[in-house]
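Inspection log for the structure reproduced underneath, given as structure tokens.
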Amino acid sequence: MGEEHQNADRAPDHHFACTLSSVLVRRVRRTLGEEGLGELLVRAGSKRTIAYLDDLTNWISHAEAMALFDAAAELTGDPQIARHVGEETVAQHAGTPVATLMRSLGSPDAIYSAMAQAGSKFTTVSVLEALEVEPGRAVIREYAVEGFPRTIPHCDWAKGLLSQPTCLFGLPPATVEETSCAARGGDCCQYEISWDADLAAKTADPAEHVVVLESQLSAMTERLDSVYATATDLIADTDLDSVLVRITERAATAVRAPRFLLALRDDEDAEIRCHYSGFDEREANEVAKRVLDSELRELPSTWLAADVRSHRRYYGRLAAMGDTAFFPQERYLLELYARYAATALDGATALDEAKRGHAEAEALLELARRLADATTGGEVAERLADTVPEIVDCDRLSVWLWNPAERELICRATSGDAQGERYDEPIRPEDTPLLAAQLADPQPEPLFLDLDSNDELVQSYLQAVGSVAAITAPIVALGEYLGTLSVGVSADPDRLRPNRELIDRLSGIVAQAASALQTARLLDKVTHQARHDGLTGLSNRMVFTEAMEHALATARDTGEAFGLLFVDLDDFKGVNDELGHHAGDELLREVARRLAASVRGDTVARLGGDEFGILLSGVKGKDDADVAVERVQRAFTEPFAIAGELLSLSASVGRAVWPEDAVEMESLMRHADAEMYRAKRAARERSAV
């Protein structure tokens with residue numbers, strides 16, 4: 001079968017089994033040696049190799065067979081070489097599955113009665129019919145299939161072959177007389193076959209049957225050895241394509257047929273993989289689909305098919321296609337090889353899955369390493385964008401994170417050829433039902449999307465970024481939607497068609513992403529708590545001090561001035577005493593909001609109690625700082641709605657400017673503090689008048 005595999009798109013002519021050429025090759029080798037074999041191929045015009053012609057699993061065309069007979073007769077000087085080849089077939093291939101199969105029928109009579117099926121194991125260009133069969137005698141008629149003219153070598157080979165069934169039972173060859181010959185002008189070929197019926201009957205005697213039984217036992221042993229060798233070879237092979245070749249070759253050895261097919265499919269939607277002999281590629285694909293999609297009982301009677309199934313899973317079917325019905329024993333053999341094929345595929349598939357799992361684990365481990373030092377959501381997104389293309393086959397990738405405050409899905413990182421304005425546009429729940437559904441019921445299952453999607457946003461997005469398909473993998477942790485990982489392809493949507501392997505990979509990725517985002521959020525929260533006032537959300541004293549140090553260092557380098565404001569609320573204690581601390585806290589939060597709005601872009605901090613600090617950037621001197629003081633004081637013009645009441649509140653503001661008021665940080669802060677208390681005393685004096 002080797003040459004057919006190398007030329008898979010060219011269907012070979014399966015007319016004569018190579019049991020014919022194998023005997024011919026060995027006969028010529030015995031008489032003329034290897035040089036004679038080379039000359040045989042030259043004279044026959046054969047493009048085959050000797051190894052191919054000697055392989056019983058192969059087939060050759062009618063023209064090739066007849067050319068080999070003519071060349072051999074000319075080369076050896078033996079005009080009856082075709083008949084001799086037929087006569088030597090059983091002797092040279094007594095242990096083959098075909099010989100064993102015919103011997104299992106029990107007697108020469110049974111073999112001649114089943115000649116239609118038996119003949120199909122050797123040739124497909126003629127049809128044999130048993131007209132009469134009785135102990136010691138049979139009449140067989142043979143018709144040529146249309147398009148294949150009968151030749152004398154063909155008739156001679158058939159006569160030699162028809163003499164051999166008796167030899168399978170330890171009897172002498174039968175006598176064959178051709179009473180009509182199509183090659184010599186007759187309507188058909190008709191053969192009268194005779195053998196010693198009494199001697200045949202004796203072989204039924206246990207005492208006389210020992211030799212025959214030993215021969216059958218030897219053949220059975222060879223058959224079992226072949227089966228076990230098949231299992232060993234298949235299980236030892238780790239390459240799935242090689243496994244497919246070996247399955248088909250071994251099955252073809254056990255069950256002779258002109259066409260074989262092994263069709264495999266992982267699931268109903270997956271692409272069919274097949275290995276075949278006797279078809280061209282188009283035919284093989286059509287037949288494979290029919291074999292897989294049909295019930296076994298619906299297939300033609302001249303087809304033999306068996307499920308390739310193990311306790312783990314269903315893989316497909318192994319099928320042989322002949323021109324006549326098969327023997328019952330052949331069904332058993334095919335099913336046996338199909339079971340071994342399933343076992344072998346289990347092993348190869350498990351190993352392949354283990355290898356993929358190892359590679360996936362390594363990739364996910366590397367992703368885990370990269371995510372481990374990510375401290376923000378943005379860093380998590382960037383590491384995903386850098387690593388995921390190494391794990392998932394895609395042309396572009398984008399990582400979108402959900403902002404619950406703004407209720408927007410924002411693209412935080414991309415890779416591949418992910419470009420375009422669509423990545424800059426946030427997505428809101430009202431834009432697409434997919435996002436709305438995720439927020440309502442967060443689920444981590446990846447979703448396949450293509451240009452046929454009913455979602456208008458999905459269609460426009462795919463078209464805008466140049467994708468024909470995409471998979472979105474929601475990032476969900478503890479029932480909370482955190483964002484989405486989206487991978488897209490520019491061609492061949494099936495690259496992203498969901499399958500077990502792809503889903504497992506994406507699930508592993510988003511699980512790590514969810515954990516990393518949770519960690520980043522926790523770090524953000526802890527960091528925020530450590531650097532911000534828990535009541536107002538403003539920066540705390542530590543952050544304000546750091547900002548002051550940074551501003552001072554910058555000022556010393558550039559010479560640019562900066563300002564400092566201290567703000568202290570007037571009579572805040574009275575609010576707490578009169579309305580309670582809850583109202584006081586509410587008032588502080590509202591003051592913080594107004595202060596932050598009055599000096600946008602500058603650092604505003606709560607320094608403690610009812611005292612606030614503001615670091616002013618971009619000031620040129622005291623005049624600019626005084627303008628900022630006025631803006632702060634205007635923030636207190638309107639009363640505050642607190643605890644159902646309107647409260648009027650004022651604040652004392654002290655300011656200091658570097659370098660006019662001081663050049664060191666402590667001095668600058670003391671100056672601002674002193675200015676604030678002067679303002680407070682002035683306010684008390686005004687209120688006392």
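The values are calculated or read from the model by the stated rules, or taken from the named source; none is laboratory data. Being a predicted model, the structure only gives us computed values, none of them experimental. All Cβ positions, even for glycine, are placed from backbone atoms using ideal geometry, and neighbour counts span all protein chains on display. In case anyone asks, the SASA skips ligands and DNA or RNA and just uses the protein heavy atoms, side chains included. Shrake-Rupley method; radii C 1.70, N 1.55, O 1.52, S 1.80 Å.
Residues in segment 293-306 carry Karplus couplings, in order, of 8, 9, 5, 4, 6, 8, 6, x, 5, 8, 10, 10, 9, 9 Hz; the curve used is 6.51 cos²θ - 1.76 cosθ + 1.60 with θ = phi - 60°, and Gly or Pro positions show x.
Couplings for segment 399-406, taken from phi via the Karplus curve 6.51 cos²θ - 1.76 cosθ + 1.60 with θ = phi - 60°, read 10, 10, 10, 7, 9, x, 5, 8 Hz in order; Gly and Pro are left as x. Measuring only protein heavy atoms, the 1.4 Å probe finds residue 331 accessible over about 100 Å².
Per-residue extension of 0.36 nm, minus the Cα-Cα distance of residue 430 and residue 589, leaves a gain of 54.0 nm for this segment. Taking the Cα atoms only, what angle lies between the long axis of helix 377-387 and the longest principal axis of the chain, rounded to 10 degrees? Rounded to the nearest ten degrees, it is 20. Candidates 189, 113, 131 compared by Cα position along the dipole of segment 107-201: farthest toward the positive end lies 189, with charges placed on Cβ. Once the 1.4 Å probe is applied to the protein heavy atoms, the chain comes out at 48 Å² accessible per residue. Taking every C-alpha pair closer than 8 Å and separated by at least 6 residues, the mean separation divided by the residue count of segment 533-689 gives a relative contact order of 29 percent. Pairs of Lys residues in the chain, spaced 8 or more positions apart or belonging to different chains, with C-alpha separations under 27 angstrom: 7 in total. Compared with the direct C-alpha span, the chain from residue 527 to residue 503 gains 5.1 nm at full extension, assuming 0.36 nm per residue. Reported to the nearest whole Å, the Cα centre-to-centre distance from segment 526-554 to segment 9-57 is 91. The label point for residue 179 and the one for residue 39, both projected 7 Å from the Cα toward the Cβ, are 4.2 nm apart. Just report the Cα centroid separation between segment 431-493 and segment 243-267, whole Å. The two parts, judged by their Cα centres, are 42 Å apart. When Cα extents along the principal axes in Å is calculated for this entry, the matching label among [x] 87, 52, 50; [y] 149, 48, 44; [z] 92, 79, 57 is [y]. When the charge dipole of the chain is built from unit charges on Cβ atoms (+1 for Lys and Arg, -1 for Asp and Glu) and taken about the Cα centre, the candidate among 462, 161, 294 whose Cα reaches farthest toward its positive end is 161. In this structure, the amide hydrogen of residue 413, modeled 1.01 Å from its nitrogen in the peptide plane, lies closer than 5 angstrom to those of 399, counting only residues at least 5 positions away or on a different chain. Estimated at the nearest 10 Å², the accessible area of residue 309 is 120 Å² with a 1.4 Å probe. The HN-Hα couplings worked out from phi for segment 168-179 by the Karplus form 6.51 cos²θ - 1.76 cosθ + 1.60 (θ = phi - 60°) are 5, 10, x, 9, x, x, 6, 8, 10, 10, 8, 8 Hz, whole numbers, x standing for Gly and Pro.
Which value in deg cm²/dmol, rounded to the nearest 500, describes the helix-derived mean residue ellipticity at 222 nm for the chain, given -39,500 (n - 2.57) per DSSP H run of n ≥ 4 and division by the residue count? That comes out to -16000 deg cm²/dmol.
Residues 202, 620, sorted by accessible area with the largest first, give 620, 202 [1.4 Å probe; ligands and nucleic acids excluded]. Here the accessible area is traced with a 1.4 Å probe on the protein chains. For segment 520-614, carbon and sulfur cover 50 percent of it.
The order of 159, 525 by accessible area, most exposed first and with a 1.4 Å probe, is 525, 159. The charge dipole of the chain, taken about its Cα centre with unit charges on the Cβ atoms of Lys, Arg (+1), Asp and Glu (-1) only, comes to about 600 debye. Computing FRET efficiency as 1/(1 + (r/R0)^6) for residue 202 and residue 91, where r is the C-beta to C-beta distance and R0 is 25 Å, gives about 0.70. When the solvent-accessible area of segment 83-207 is split by element, carbon and sulfur atoms take up 52 percent of it, the probe being 1.4 Å. Compared with the dominant Cα axis of the chain, that is its longest principal axis, helix 81-92 is turned about 60°.
Between the amide H of residue 483 and those of 402, 475, distances stay under 5 Å, these residues lying 5 or more places away or on another chain, with hydrogens modeled in the peptide plane.
Shape class of segment 70-195 from the Cα gyration tensor (axes a ≥ b ≥ c, square roots of the eigenvalues): oblate, since a/c reaches 1.5 or more and a/b does not exceed b/c. Accessible surface for residue 676 stands near 0 Å², nearest 10, in the context of the full protein assembly shown (1.4 Å probe). Does segment 379-432 come out rounded, prolate or oblate, given a ≥ b ≥ c as the square roots of the eigenvalues of its C-alpha gyration tensor, rounded meaning a/c under 1.5 and, failing that, prolate meaning a/b above b/c? Cα axes put segment 379-432 in the prolate bin. For residue 294 and residue 137, a Förster radius of 56 Å and the Cβ-Cβ distance give a FRET efficiency of 0.85, rounded to the nearest 0.05.
What a 1.4 Å probe finds exposed on segment 249-310 is 38% carbon and sulfur by accessible area, rounded to a whole percent. Once the Cα-Cα distance is subtracted from the 0.36 nm per residue extended length, the residue 78 to residue 393 segment shows a gain of 106.9 nm. The modelled label-to-label distance between residue 556 and residue 464, using points 7 Å beyond Cα along the C-beta direction, is 5.0 nm.
Give me the one-decimal nm value for the distance between modelled label points at residue 681 and residue 403, 7 Å along each residue's Cα-to-Cβ direction. About 4.8 nm, to one decimal. Relative to the longest principal axis of the Cα atoms of the chain, the long axis of helix 500-531 lies at roughly 10 degrees.
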